[in-house]
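Accompanying notes for the structure given below.
The values are calculated or read from the model by the stated rules, or taken from the named source; none is laboratory data. Since this is a predicted model, take the numbers as computed values, not measurements. Neighbour counts run over all protein chains shown; Cβ positions are idealised from the backbone, glycine included.
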Amino acid sequence: MPSGGKRIGAGKKPGKHGTKVPFTVVLTPDVMTFLKEVYGSGASAHLDETIRKQAKFKTWQENRSK
C-alpha cells in the first residue's frame, strides 16, 4: 500500500460554519489574560460563538444572503 500523497477523504474537514481564516486582533493585556485563563485554546471558538449570537451579526448575515 502506498504511503503519502493525495487520498480521497484525507485532510481536516471544515467545521459547521466552514473553514477558519487567521485574523489578528489587538486586545488589552487584561482581556488577553482573561481569555487565556478562562478559555485557553478555546478562546477563538468562544469569540466566534459570542459574535454569532449578536443581533447585528444575525441581521448582517440575513442581508448578506439576499
message: Restricting to region 25-66, name every residue that is among the hydroxyl-bearing types (Ser, Thr, Tyr), surrounded by 10 or more Cβ atoms within 10 Å (Cβ to Cβ) and over 17 Å from the mean Cα position of the chain (by Cα).
response: Thr33, Thr59
query: Restricting the first residue to region 48-66 and requiring it to be within 17 Å of Gly15 (Cα to Cα), which pairs with a second residue that is not hydrophobic (A, V, I, L, M, F, W, C) meet a Cβ separation below 8 Å and a spacing of at least six or different chains?
result: Asp48/His17; Arg52/His17; Arg52/Lys58
- prompt: For region 13-28, does any single residue satisfy the condition of being at negative phi, at pLDDT 95 or above and in a helix (DSSP H, G or I)?
  reply: no
